[in-house]
Structures are given as structure tokens and as C-alpha cells.
1. Under 7 Å by Cβ, and 6 or more places apart or on different chains, what pairs join a residue from region 306-321 that is closer than 15 Å to residue 287 by Cβ with one that is among the polar types (S, T, N, Q) and surrounded by fewer than 15 Cβ atoms within 10 Å (Cβ to Cβ)?
2. Looking at region 300-322, which of the residues that are under 12 Å from residue 225 (Cβ atoms) and of a type outside the set (A, V, I, L, M) is most open to solvent (accessible area, probe 1.4 Å)?
3. Please specify each residue of region 323-380 satisfying the condition of being open to solvent by 80 Å² or more (accessible area, probe 1.4 Å), more than 30 Å from residue 259 (Cα to Cα) and touching a residue at least 40 places away in the same chain (Cβ under 8 Å).
4. Pairs under 6 Å by beta carbon, first residue farther than 15 Å from residue 323 by Cβ in region 158-186, partner among the charged types (D, E, K, R), six or more apart or different chains?
5. For residues that are surrounded by 12 or more Cβ atoms within 10 Å (Cβ to Cβ) and farther than 19 Å from residue 305 by Cβ, tally how many sit in region 250-265.
6. Suppose we filter region 281-299 for residues that are in contact with a helix residue (DSSP H, G or I) (Cβ under 9 Å, 6 or more places away or on another chain) and open to solvent by 70 Å² or more (accessible area, probe 1.4 Å); how many remain?
7. Here are some residues: 378, 306. Which one is of a type outside the set (Ser, Thr, Tyr) and out of contact with any helix residue (DSSP H, G or I) (no Cβ under 8 Å at 6 or more places or on another chain)?
Amino acid sequence: IDENAAHVVESLLVNGRMRAEDAILSAWEAAKSMLQSGDDNDIVDTDDEDDDDSESNKALKAIVQGFKKLVEGGYIEMVQPIATDQDSKAQKDKQDGIHGGEFEFEMDEDGTIKGKKRSRSSSADADTKSKKRKVDKGDSNDDSYGTSKPHHPKILSLLAAQRSLIPSGSVYRVNTAMFHTSLRAMVLSRLVSEMYPAETDKTAKKKGQSEKDEKEHMGAIVNAALTFAARQEHAPSGHMLGHKESEEDKHHRMAEWGTFCPSDIAPYLPPEVTKSLKSDVGGLQKNLSALLVRMAELRYPPVILEVEEALGHPKGGKFEVCTRQLLQRMRDRIVHRVLTTHHGIVAARIVSVLQMKGHTECDAIAEDAMVPAKEAREILHRLHRDKYISLFDMHITRTHNTGTAIFLWDVDPSRLLKTVKNNVCSAILNLRLRRQHEVEVGKDWMDRAKEAGATEENVHEEDKKKYLAFCKGLERLDCACLQLDETLMVLTDF
């Protein structure tokens, strides 16, 4: 969204859950500190002068707008505040059962039945009473999410117009599920773009310009569809904004998660894709519907599923992204890449053969992989040593003679995936240790760079080259860690 929204998310991640006013105030203080650090003048500590600063007021408005976009997009969610001890005790008193809500009846000598509420005192309550001690009034801290401290009037005035979306005193936390869904949309759209890349101009002239445009827009359409599906599931809708929703409408809305019509994903398309589809004959919705129908014809792997036929549909059809098949394709690519990097292309081919055929002997594997039997045997033993494949020995006689035994090789998908995950985790650990070592080695250069304005360090050309090489090395390590983190998320979280 923007940098201000990033400050809000950072504050929520650090504190767990916060009131809307407190989260905005925390992000505003971070923005003011950045403005003051960038100013060449002396830092003024007076709160009134900070409030009168026009740049600070603009930053506050931008932070409130960023917070609103985060709530509308579902990136942060409203939750219940953590209950205090008094709230828990009051809730227990209201409940029936073992917390004092049961009634007991007794009959007196006259035959009259009388009922009274049963009071049970648990051992924990007795323990608490026995351990009570006097506490000064100043030591008591009943402040829950800033209830006892007044909020900034400017924040309250800016939030006054957004109370239907952000109620007063509401508590928020980061919606990690929405972030995972957004990252999954980005990864799968990039996968579709790589599987069906835009063709060159020479090939497009032979097949026609329309086919070239179709492949150019596939990744953007998948991204828009998955983004819309994420908003369906996580973004606040009418039932969260004060409108009543029946149980039947709720079940119907949940059943529609993941499905979409062309008009639903049109707002999430990039401007260049929207412009290209609008410029063709038929308009945006008709061209988008036709393109989705052609994408539904792809089978290896399937990208789009046509839930309701587009022909004659009032909204141009109803579709769904084949998320599970695309994720499986993405994981298969990662496994193939890891095998190719560690053991070579022939080993990756052998694993693919075993995945298709199951338990197979060494000679049959060598024939299918088109390699000599001796080389295939060596590769199989290396893969078995590294826990990529498993070996099943079937003895013909009771003596368990290896000369007459039949050895069958097989791939267990769960074991293969677990081995790849462990290798990726080991690679991330090694990269982070390497980066930590590089930072310790280049600590002097980093200190010199911070004080470069006041001193004459790093003036020599040789020092500048070494410092630039050091920064470039850290940047490459950071990029590698991010890529491996994304790979591990595909294998684990998605």
C-alpha cells in the first residue's frame, strides 16, 4: 500500500494487538522521528510545535488513510481485547455449571421445595484469597489498551468519519492469513506467466496478435482472481459494518469463496491489461470472459476451472482458479530444481521415472532414464543415501540370500518433500550464519559509513571499492535469503 501502512503493520507485529488509535499514534511517532532526523535544523522537543508542523499533519492523514486501506483490504483484523481478571471473574459468574450457576433444591419438613443458587469455591480462589496483600494505589495498573489514557484529539477527529469501518475502541492485529494468501497469489501468477510466456514478434505474426496478447495477460488475470478470492475471505464485508446477515446468507457467501465472474476481477487487473482488453472489439467484460474460457481449456496443469458455462451467462460465466494443481506444479518444480542442483539432471530424471512407475528394478530404471546401468546404480545409491528415494528388498528364499533377492526402488512423496524442506532449511541457516559473519567482519566499514559526513574516512579509492563490494555481498545474501524463505513458504505454508 505505502510506507505508512508498513509502519502500522510493524507496530502491530511488535505489540501483538493494539487499539486503532494506539497503532496510528505509534506509526505517527515513527514518521515524526524520521522527519526530524532528515531535518538539518535542531530537533525541537515541544509537543505543541510538533503538532503545528504541517508535514507532521500530512503524515498523520496519510497514516490514517493507510490504516483504512489495511482494514478494507483485510490485512489487519478486528479482534476482542484480552480480558482482564475482573472481566474473567464476571464472565465466570454469569456462566452456568461449575462456576456457581447451578441451583440446588431441598424439601423441608412441610413438604415445600425450596431452591437456591449453589456457590462453589475452587481451590484456586482459596489460594488467591490466602495470598492477598496490600498494594498501593499507585502500583495498580488497570490500563488495558490505553483505556485510561486520553487519545490524541487529531487522531480522533480524523477517525470520526471512519467509525462505521473503525469503531471506537476497536482492537486490531495483523491478519497473517491474508498476507499468506497475497503471497500465494503473487507466486502462482508468476508461475503461470513463466509457463505461458509472451511470444516473440516473429512467432506472433505467424499465429496472430490475439494469441500473443492472451499469453501476456494470463499471469495478471490469475493474480487478480486470487486477490479477489482473498478479499472475499478476509476483507470486511457488509456483515462486519453493522448490517445484519442471516445464517443462510452467511453460508451462501462462504460457499462462493474462490469463484468469480469477469466483472468481479476487473477492478484488480493492472491498468495496461484493462486498457488492452477494452481496446479490442466487444469491450472489457466480453474479452475477459472469452480469455477465461480459453484458459480453462489448458490441461497440463489446469489453470482455470469453468464452474458455470460462459455461453448465455448474464455475467459472462463463473470461474475458479485451480490453486491446488498450480501449487503441486510449483512444488514439483522446486523438487526438480533441488535434485538437479545437488545430483544432476540424470538424478532428477530418475526420480521422475520412479514417481510415474513406482517400484522398479535398477535395469528398468536405467533403460527408461536412457543411461548405462552402472551409472544408474551409482546415482540410485547416492539418492538413497541422501533420503530422496527408498529401497525395498524382496527375498525369494528363507535364507535371505542377497544374490537371489529382488531390489526395487521407489519414491515416497512425503519423504521426498521432507528431505527437500530440510535441505532448504539448512541452506537458509548457512546463509544467515554467513551474513552474520560478514557483518562482523565489515563492522568497521559500516561504522565508517555512518560517520562519513563528519570524518574523511573512505576517501581512498581502494577503500571505496572494498566497501561497495561488501555492500553488494550483503545485498546478494539478503536476496538469497528472501528467495529461500519464499521457497520454504511454498513447501510449507501454502
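The values are calculated or read from the model by the stated rules, or taken from the named source; none is laboratory data. Predicted, not measured: the structure shown is a model, and the values here were computed from it. Neighbour counts are summed over all protein chains in view; Cβ atoms, including those assigned to glycine, are modelled from backbone coordinates with ideal geometry. Quick note on the areas: whole protein, heavy atoms, side chains included, nothing else; ligands and nucleic acids left out. Shrake-Rupley method; radii C 1.70, N 1.55, O 1.52, S 1.80 Å.
1. Partner pairs satisfying both residue conditions: 315/263.
2. Filtering region 300-322 for residues that are under 12 Å from residue 225 (Cβ atoms) and of a type outside the set (A, V, I, L, M), the one most open to solvent (accessible area, probe 1.4 Å) comes out as 320.
3. Within region 323-380, 342, 355, 359, 361 qualify.
4. 162/68; 171/17; 171/19; 173/17; 175/77
5. 1
6. So the answer is 4.
7. Selected residue: 378, the only one of 378, 306 that is of a type outside the set (Ser, Thr, Tyr) and out of contact with any helix residue (DSSP H, G or I) (no Cβ under 8 Å at 6 or more places or on another chain).
This table checks each residue for (1) over 37 Å from the mean Cα position of the chain (by Cα); (2) loosely packed, with under 10 Cβ neighbours inside 10 Å; (3) modelled with pLDDT of 80 or more.
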position: 436; (1), (2), (3): no, no, yes
position: 439; (1), (2), (3): no, no, yes
position: 447; (1), (2), (3): no, no, no
position: 453; (1), (2), (3): yes, yes, no
position: 456; (1), (2), (3): yes, yes, no
position: 459; (1), (2), (3): yes, yes, no
position: 464; (1), (2), (3): yes, no, no
position: 471; (1), (2), (3): no, no, yes
position: 474; (1), (2), (3): no, no, yes
